[in-house]
Amino acid sequence: MKVATAPGTEGQAGAATRFSFFPGCSLHTTAREYLDSVVAVMGALGVELEELDDWNCCGATALSSADMLLSYALPARNLAMVSELGLPLAVACNSCFVTLSRANSVFRSEGPWRAKVNEVLAALGRKVSKPVEIRHVLHILRDTVGLDRIRAAVKRPLAGLKVAPYYGCQLSRPRHEFSDPEFPTEMDEVLAVAGCEVVRFDRKTKCCGGALMTTKEDVVLEINEQLLREAATRGADLIAVCCPMCQMNLDAYQGKINSRFGTRYELPVVYFSQLLGFALGFDEAVMGLARGFVPATKHLRKYA
Amino acid sequence: MEQAEARALEVIRQDALDASAFLDELAGFPGGDKVKNCMQCGVCTASCPLSFKMTETPRKIMEMIKAGLRDQVLASDTMWYCASCYACSVRCPQGISMADVMYALRTIAIKTARNLSAAFYQTFKDSVRRYGRMHESDLMIRFALRTNPLSLLKMGPLGLRMLMKGKLSLVPPTAIRGAREIAKLYEKVAEMEGGA
């Protein structure tokens, strides 16, 4: 995959770190700006993301609701391909992160599910012999690249930009070896070194309802209204997210929430990587900052 | 009198058998073996962002499972409200992953359930089989056609705005190169599940 370079950062980041990269379905359709900004930011910071060739849908929580064995075997095809490459796997979507990790967990020990999944893979001529190392891009940024290197690469500190960090559920749960399951801080930290004023956000891991927006819309609008309300109350200019489902629910449905609850929220909901990329010097258009239903551009004009 | 007692004992025995049969069935699913450890503390219900909408709360569902009320549990709306946020799973003092129990219940119930949620997950499964990936527009159109074609009109305005934002595409989705491998994977899974 061709990696964009932020103006003036060439060769600055030191030795490249390579990851196999699983973008997932949303990043190729509704969340294109997440893909573009993650690839750009990682490239600028010396992390090489190699998109997994011919990857398939992880199945998300929809398949674990429809078919148990399939919900392990389908993502395991990706894991088999990654394990052949021998690279750690980088994931940006929270839902892919949790689903791939769940499938990966069966390879940690001998057991009936490991045997079943390997039996399916064997029919395809594939195999997973040991668990793959799976990392979310936020953890790669904070722990592999490190905050110091990010800080050094920032060209446009976003001083005074008030950001509510919204993590959603599936970054820190149920896997939580990298951060606290309820009050994670990795996004806060990354945004802070980009110069943002990260506001307190108690509902940072309260659920947005995810795909239930399709089947249980009324109640999901209600819980998203609560998230928008807290962000507005805390004085946030915008909300930063790390998952395409959270972005869609809070942004595309904000108009509907306003008409349903008589509110007047106008909160842009952007991926943390778009803000970070902008701070690293990438153009606002390249970072897709006008792509949301509520565009973020007016809050960023003063930094351009 | 003896006959009445025999009948009562039969009912008692049957209840006990039902309870252990359902627990055994769930123990066959990942995480399902821990259900029996539930001590009814209610942390799952307190942690759940959607329990206030459920007819039976997660805590109550756990007790119903242990009582062997299989039909009532599977007919409940509880599992269809689970958003897989795992708040209950990380907090449960007994180490029960309630979210995994909900997956197990849904995969059992979906075989007979006739509701919007079941239709959505089934459509998702079929759509991924076709292309190897999920395409939002294809998924939503097929879901609407399956459940309520008129809802396509309601989805129209949002869909149009998403098209204009470049978030949806009208170009028909193409399958991944490994689409035949995916079809084979689905077949193998169906064969193994059918034989189980």
| request: Kindly list the number of the only condition in (1) within 25 Å of A:Cys208 (Cα to Cα); (2) in a loop (DSSP other than H, G, I, E, B) that fails for A:Arg142. | output: (2)
| remark: When every residue in the range A:110-134 that is buried (at least 19 other Cβ atoms within 10 Å of the Cβ) and in contact with a strand residue (DSSP E or B) (Cβ under 9 Å, 6 or more places away or on another chain) is compared, the one farthest from A:Ala194 (Cα to Cα) is A:Val132
| remark: Of all helices (runs of 4 or more DSSP H) fully inside the range A:207-304, the set with 1 or more residues that are β-branched (Val, Ile, Thr) and surrounded by fewer than 16 Cβ atoms within 10 Å (Cβ to Cβ) is A:217-233, A:297-300
| message | Can you pull out every residue in the range A:107-126 that is in a loop (DSSP other than H, G, I, E, B) and of a type in the set (Lys, Arg)? | response | A:Arg108, A:Arg126
| message | If I filter the range B:62-73 down to residues being touching a residue at least 40 places away in the same chain (Cβ under 8 Å) and buried (at least 20 other Cβ atoms within 10 Å of the Cβ), which single residue comes out as farthest from the chain's Cα centre (by Cα)? | response | B:Ile65
| Within the range A:119-147, considering residues that are free of Cβ contacts under 8 Å to residues at least 24 places away in the same chain and over 20 Å from the mean Cα position of the chain (by Cα), the one nearest to the other protein chains (Cβ to nearest Cβ) | A:Ala123
| Hey, does the range B:121-142 have a residue that's in a helix (DSSP H, G or I), free of Cβ contacts under 8 Å to residues at least 12 places away in the same chain, among the charged types (D, E, K, R) and more than 7 Å from chain A (Cβ to nearest Cβ)? | no
| query | For B:Pro93, are the conditions met, namely being in contact with a helix residue (DSSP H, G or I) (Cβ under 6 Å, 6 or more places away or on another chain), on the phi < 0 side of the Ramachandran plot, touching a residue at least 24 places away in the same chain (Cβ under 8 Å) and outside any helix (DSSP H, G or I)? | reply | no
| query | Looking at this structure, is B:Val35 more than 27 Å from A:Val106 (Cα to Cα), surrounded by 20 or more Cβ atoms within 10 Å (Cβ to Cβ) and of a type in the set (Val, Ile, Thr)? | reply | no
| field | Counted residues, the range A:258-276 - those being under 18 Å from A:Val154 (Cβ atoms) and hydrophobic (A, V, I, L, M, F, W, C) | value | 4
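So, in the range B:159-178, exactly how many residues are assigned to a helix (DSSP H, G or I), buried (at least 17 other Cβ atoms within 10 Å of the Cβ) and within 9 Å of chain A (Cβ to nearest Cβ)?
Of the residues in that region, 1 qualify.
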| said: One residue is enough: does the range A:162-172 have a residue meeting the conditions buried (at least 20 other Cβ atoms within 10 Å of the Cβ), without any contact (Cβ under 8 Å) to a residue 60 or more places away in the chain and within 12 Å of chain B (Cβ to nearest Cβ)? | reply: yes
| note | Sole miss for A:Ser129 among (1) assigned to a loop (DSSP other than H, G, I, E, B); (2) in contact with a helix residue (DSSP H, G or I) (Cβ under 6 Å, 6 or more places away or on another chain) is condition (2)
| message | Six or more apart or on different chains, Cβ atoms under 7 Å: show the pairs whose first residue is in the range A:203-226 and more than 8 Å from every other protein chain (Cβ to nearest Cβ) and whose second is among the aromatic types (Phe, Trp, Tyr) and part of a helix (DSSP H, G or I). | response | A:Glu225/A:Phe261
| task | Take B:Ser151 and decide whether it is surrounded by fewer than 18 Cβ atoms within 10 Å (Cβ to Cβ), of a type in the set (Ser, Thr, Tyr) and outside the structural domain of B:Asp77 (by TED's automatic domain parsing). | result | yes
| query | Which residues, taken from the range B:125-182, are of a type in the set (Phe, Trp, Tyr) and under 23 Å from A:Lys256 (Cα atoms)? | reply | B:Phe143
| task | For the range B:184-193, indicate whether the set of residues that are within 8 Å of chain A (Cβ to nearest Cβ), over 27 Å from B:Arg59 (Cβ atoms) and among the aromatic types (Phe, Trp, Tyr) is non-empty. | result | yes
| task | Please work out if B:Ser20 is farther than 21 Å from A:Ser71 by Cα and crowded, with 17+ Cβ neighbours inside 10 Å. | result | no
| task | Report, ordered by the first and then the second residue, all pairs with beta carbons closer than 6 Å, sequence separation of six or more or different chains, a first member in the range A:277-304 that is within 14 Å of chain B (Cβ to nearest Cβ) and farther than 17 Å from A:Leu158 by Cα, and a second member that is assigned to a loop (DSSP other than H, G, I, E, B) and among the acidic types (Asp, Glu). | result | A:Val294/A:Glu266
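The values are calculated or read from the model by the stated rules, or taken from the named source; none is laboratory data. Only a predicted model underlies this, so the values are computations on that prediction, with no experimental measurement involved. Reconstructed Cβ throughout: ideal geometry from the backbone, glycine too, with neighbour counts over all protein chains shown.
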